[in-house]
Structures are given as C-alpha cells and as structure tokens.
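The values are calculated or read from the model by the stated rules, or taken from the named source; none is laboratory data. From a predicted model like this one, the values you see are computed outputs, not experimental measurements. Here the Cβ positions follow ideal geometry from the backbone for every residue, glycine too, while neighbour counts run over all protein chains shown. Accessible surface areas use protein heavy atoms only, side chains included; no ligands, DNA or RNA. Shrake-Rupley method; radii C 1.70, N 1.55, O 1.52, S 1.80 Å.
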Amino acid sequence: NITCELRYLYGSRKAWNLAALREICEEQLYWIWDNTDHLSVETLVERFGIEPVVIRDSLIASGFREEDWFQNLSSKERQALRQLLLSDADIHNKILRKAASKRQVLLKYFRQEGLLDSTECGMVDVGWSGSMFYSLASILAAAGTAPLAGLYFAMSSFGPRNTRFDLPHTYFFNDHLGVGFLDIPGGNDFGIPREEICPYAGLGIMLEMFCTADHGSVVGFAEEGERVEPILREPHNQHVIDWGFSIVRETVYSFVENLFLDSTLINPWADVRPAIAEVLRSFWLNPSPSEARAWGEFPFEDGMGNESSWNGLAESYHWTHVFKSFRAGKIYFPHRRLWFEGSMALTAREIRVALRGVLRLRRKLSSMKRTFKGFLSGS
C-alpha cells in the first residue's frame, strides 16, 4: 500500500560518470581503470569519450605506437598509459570539453524524466561502488537540485567514498560501514585468491546476471527533436535473449504474482536476508550439474559500452587446464568472470581431483616458503 510511480532510467558508468567529470584526478576516475581481460590503448582512451587519434602525438611520445593501439596491454603498459592520461594537461582539456558537452545533454535527459522537479524520489540500483549514484547527485547538485535518495541492494568499498553526498541506503550490506552480510557467497575449499580478496565477489556476478536488461548497453545520449534518447550499443541484448532470458523473466513474474495469495502468510517487514544469504551461498558454491549447465551458459557481459565482450559464465576444465594451473601455481581462469564452482560441477571427477592436488601442492609450497623466510629472518 505504498503510493509511488516507478520509471526506468537509462544509464551506465560510461554514459553518466564521464558526463559528471569536472576534474582529472584519481578520485573521479577510479571507475575508469577497470582491468578487463582485454584492455588496449583504443579501449581505455575511448572510455574518456575521445578517440586515440585525437591525442596521437602524446601517445607516440610516450612509446605507444599507432600500430599497437589495438593490442592488449601488459600490466606495465597499462600503468604507463594511466600515468600519461593523468599527467598530460592537453589531454585533460580535451577530455573535460567532451565531458561538458555530454553533461548538457544528460542534464536535459534528467529534466525530461522528472528528476529536476520538486517530487521526492530515489534511484534503485543493484550496486556496487556508488559511482553512478555520485555522478547523478553531482550533476543534479550543480543544477541546484537536491540529491536523490540512493536505494542499493549492496555497496562495496572498492571506490572512494564521496563525502559530499550521503551514502546510498543499502539492503544487504554496506562494506563502507562494515554492516550486513559481507561474507556472501563466502569462501570455498579450493582457496581461490579472488574470494580471499573479495569475499562477496560472486554476489556481484550473480546479481548482475539476475538483473540483466533485454536492451543493449547504454553508451551515451542524444537529442532527437525535443526529446533526449539513450544511445544503445544494440537495440536488443541478443546474446542474453538467445540464452533464454524470457524464461527467467516469466518465472520471476509468476513468482511475484502468486506471492501474495494469503495476506496472513506474508509479513512485509520480516528480515529475510539470512534466508536470501543461504540461498545465494548454496546456489553459487554448491550448484548441481543442471544448475551449472543452465546458468553457466549465461553470456556475461564484461567491459564498458562499445568495448564490451561476452563470456560463458562456467565451462568444464580439461587436462590442459590442470597443466596450466600446475605451471602457474594457481587455478587457471580463462577469464576474470568465471564461475569457478559452476565450472567444477561441469568437470569430470578425475580432473577435479587433479586440480585439488595442484592446490594442495600450492599451499604446501607457500607454507614452506613462509617457513624458509621466517628461518632466514630469524637467523
């Protein structure tokens, strides 16, 4: 019995965050350095809304030859390009002019959607760092409008906290405040480093997958007559539609429509987060082969705007992966968004045993290394 109007607001990190950019500094650009599996000069520079040819002389002077602009950068090269983009004043001016132009169009879109009137409203989003919420708040504040309320499922602490604005309200957890269910989906007995660094890494993948859109990525906005319309990478998210998106959506609709059959059985104020946490943990860490097969084929989009690529979420391991894992001293990941537990559910038993052996050996060697270092420091 809550009276409100629901609207769909088009957006993306690239479309909003770049438009909100007013200063070239680490705090405003943390979102842009996302280390995707493939990152070239072209893809990183285009995240700033400009083409590499516009800053050709600066790139070549810094050792980035034009014929190499499409090649995947090494860690050292990514850092060098980052320093160039942060330090070159001429590049800064080009980026900020482009940002200002995009900001004017985006502001018209926000006004068109009713965000600049006096109606109290909030933005509902999945998560995670809050960069889009802060960009929206910054653009509205500059226009003399009070920031909206942010309503997030969860919030990570990967990005810096913007102290100019209040944190979004969160339902599941807020890592900035250290509250909520931070250990979801929790660790596993394979000792994957990503779970140690980010205990809720799987949650981000799950929620992005469950809440995917049926349209293409938003790469910007354009004025069309008296209206402002989103520019989509493609009209339809065909990869996801072909996978079976309509079945998922119809299932959700059916669940919601049948949820409130008897008002005496529903307590809308009950805290169901512990139950949600258990379901998410069970699904992500202990999937059945059929669950892993169905959801593992989900085409997960990684990247920003036009640079995005799609990878299957899970795939079975083979003996070549065992050898690669042994040589590297850690489990082989073909891409950064791999659902490891889903992949293991699809993998033959003997290969799973071999991968566990690789990890046991890794742990034993790490323990011996720590012991040896302790012995040397003690002597």
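Probing with 1.4 Å while keeping every protein chain in the model, the per residue accessible area of segment 1-122 equals 57 Å².
Here the dipole of segment 238-302 is about 160 debye; that uses its Cα centre as origin and unit charges on the Cβ of Lys and Arg (positive) and Asp and Glu (negative). When each of the peptides 347-355, 60-68 is scored by the mean number of other C-beta atoms lying within 10 Å of its residues, the order from highest to lowest reads 347-355, 60-68.
In this calculation the C-beta distance from S246 to T371 is compared with R0 = 51 Å, giving a FRET efficiency of 0.35. The phi torsions of segment 238-252, fed into the Karplus equation with coefficients 6.51, -1.76 and 1.60 and a -60° offset, translate into couplings of 4, 4, 6, 4, 5, 5, x, 4, 4, 5, 4, 5, 5, 5, 4 Hz, rounded to whole numbers, with Gly and Pro shown as x. Share of carbon and sulfur in the accessible area of segment 88-179 stands at 50%, probe radius 1.4 Å.
Structural descriptor for the chain: relative contact order 13 percent, calculated from alpha carbon pairs under 8 angstrom and at least 6 residues apart.
Here the Karplus relation 6.51 cos²θ - 1.76 cosθ + 1.60, evaluated at θ = phi - 60°, turns the backbone of segment 258-265 into coupling constants of 9, 5, 9, 6, 9, 4, 6, 9 Hz, with x for every Gly and Pro. Note on the chain: lysine pairs with Cα distance below 16 Å, sequence gap of 8 or more or different chains, count 6.
For N286 and D183, a Förster radius of 22 Å and the Cβ-Cβ distance give a FRET efficiency of 0.90, rounded to the nearest 0.05.
Once the Cβ-Cβ distance of K76 and L151 is raised to the sixth power relative to R0 = 35 Å, the FRET efficiency obtained is 0.30.
Using Cβ point charges alone (K and R +1, D and E -1), the dipole size of the chain about the Cα centre works out to roughly 1860 debye.
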